1. Show log10 I(q)/I(0) for the chain at q = 0.06, 0.12, 0.14, 0.15 Å⁻¹, two decimals, from a solvent-free Debye sum over equal Cα scatterers.
2. Helix 13-28 versus the longest principal axis of the chain: what angle, 0 to 90°, nearest 10, using Cα atoms?
3. Pull out a ≥ b ≥ c, the square roots of the eigenvalues of the alpha-carbon gyration tensor of the stretch 44-95, then state rounded if a/c is under 1.5, prolate if not and a/b is larger than b/c, and oblate in the remaining case.
4. Kindly provide the trypsin sites (Lys or Arg not before Pro) of the stretch 64-167 that DSSP labels as loop, not H, G, I, E or B, and whose Cβ sees at most 16 other Cβ atoms within 10 Å.
5. For the stretch 1-98, compute Rh as the Kirkwood radius over C-alpha pairs and then the Stokes-Einstein diffusion coefficient at 10 °C and 1.306 mPa s; write the answer in µm²/s, rounded to an integer.
6. If you wrap the stretch 204-256's Cα atoms in a convex hull and average its projection over all directions, what's the area in nm²?
7. Filter the cross-link list LYS32/LYS276; LYS18/LYS317; LYS191/LYS266; LYS148/LYS325; LYS18/LYS149; LYS213/LYS266 down to pairs whose alpha-carbon distance in this structure exceeds 24 Å.
8. Where the only charges are on Cβ atoms (+1 Lys, Arg; -1 Asp, Glu), what is the dipole of the stretch 55-131 about its Cα centre, to the nearest 20 debye?
Amino acid sequence: MAKMIDSMISVTVADIEKYFETATVLKDWLLKDGYRPTLLTNQVLCTVWERPSLRTRVSFEAGMAQLGGQFLTLKAFPPASADIIFKEDVRDQASVLSSMCDLIMARVYTHGTIAGLAGSSTVPVINGMSDMAHPVQILTDLYTIWEKKGTLKGLKVAYLGEGTGNTLQDHIVGCASMGLDLVLGCPDYSKNELLQKLEFGLPDAEWVKEGEKRAKISGSKFTITNDPIEAIKGADIVYTDSWIAWDKPEEKAAAAEIKAIFDPYKVSAELMKHAKADANFMHCLPAYRGYEMTADVIDGPQSIIYAQAENRLHVEKGIMVELLKPLKG
Ligand code: CP
């Protein structure tokens with residue numbers, strides 16, 4: 001059966017090590033010698049977009065081109081010129097796409113859509129972000145931390161701000177897999193009617209449970225605090241993500257109120273003083289200066305956001321090669 005990467009729950013420690021090893025070789029070859037081995041000649045990647053993307057789309061599509069393969073792009077928006085319509089049963093879509101392509105990468109709103117695609121596809125399906133998971137982002141983040149710090153085990157990651165859904169949830173499992181402590185600093189959602197109405201909340205129990213299982217093996221821990229200083233204290237990595245999904249009308253309409261609620265968790269130079277002196281700032285992008293962090297932090301010397309974004313290309317090339325390698329004759 002083809003390997004599915006629907007969330008970090010489906011990625012083992014051995015998978016992570018294998019992806020990192022291949023990504024490192026491909027990155028070294030590309031950056032030192034400009035060498036682009038055509039390991040995936042004649043293979044076809046289909047990318048499917050229910051939501052917009054810059055980094056995920058460019059990294060997968062450029063990555064496949066660099067590996068000698070082809071890609072095709074199916075967008076579900078705008079409706080008048082959509083290539084794919086999600087009202088069609090995803091099982092039918094998965095069967096058709098996997099009969100013609102070697103790999104499917106999909107960005108969707110609802111995690112169930114990924115499960116539906118993966119359940120009926122005969123080729124690997126990669127989640128390019130759903131409401132619950134963003135595994136390729138987390139694999140890249142861990143790789144970037146490993147490159148920068150030379151290790152993963154024993155480091156402390158402080159995740160500030162919005163703790164609902166995809167990036168944080170997959171970080172819980174990713175950090176636990178590799179032995180990093182993760183602290184979420186976020187508001188008390190139970191005390192806020194607006195956040196409850198917008199379905200902001202704490203991480204899903206399935207990801208927390210899987211994180212706890214892996215943390216027992218790696219010796220790490222995941223904790224939550226409403227105190228931003230306690231969260232960031234002694235951190236090696238300070239991570240944040242956008243507070244508002246701007247393509248969701250209900251969140252866009254409440255942007256001013258959301259901003260006010262999350263403001264204590266904004267990563268500022270003042271807050272960064274509580275992290276380790278050599279701490280790095282990370283953000284998966286897109287970022288909104290003045291919201292989840294101040295401009296002096298994201299544009300300052302501790303920020304590694306562009307290395308992090310560039311690594312999407314190298315890590316995803318490693319993942320694609322590893323997923324498709326057994327298919328080569
Ligand atoms: N971080 C990330 O997934 O970026 P895009 O939304 O631009 O793909």
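1. Taken in order of the listed q values, log10 I(q)/I(0) reads -0.20, -0.83, -1.13, -1.29.
2. 80 degrees
3. oblate
4. On the way: sites: LYS75, LYS87, ARG91, ARG107, LYS148, LYS149, LYS153, LYS156; in loops: LYS87, LYS153.
Answer in residue order: LYS87, LYS153.
5. Values: Rh = 15.7 Å.
Taking Rh from Cα pairs, D becomes 101 µm²/s.
6. Values: hull surface 22.8 nm².
Over every viewing direction, the Cα hull of the stretch 204-256 projects on average to 5.7 nm².
7. Too far apart for the 24 Å limit: LYS32/LYS276; LYS148/LYS325; LYS213/LYS266.
8. Details: 6 positive and 7 negative charges, 42 e Å.
So the magnitude is around 200 debye.
Here, each number is a calculation from the coordinates, and none is a lab measurement. The shown structure was predicted, so the numbers you read here are calculated from the model rather than taken from an experiment. Cβ atoms come from the backbone with ideal geometry, glycine included; neighbour counts cover every protein chain shown.
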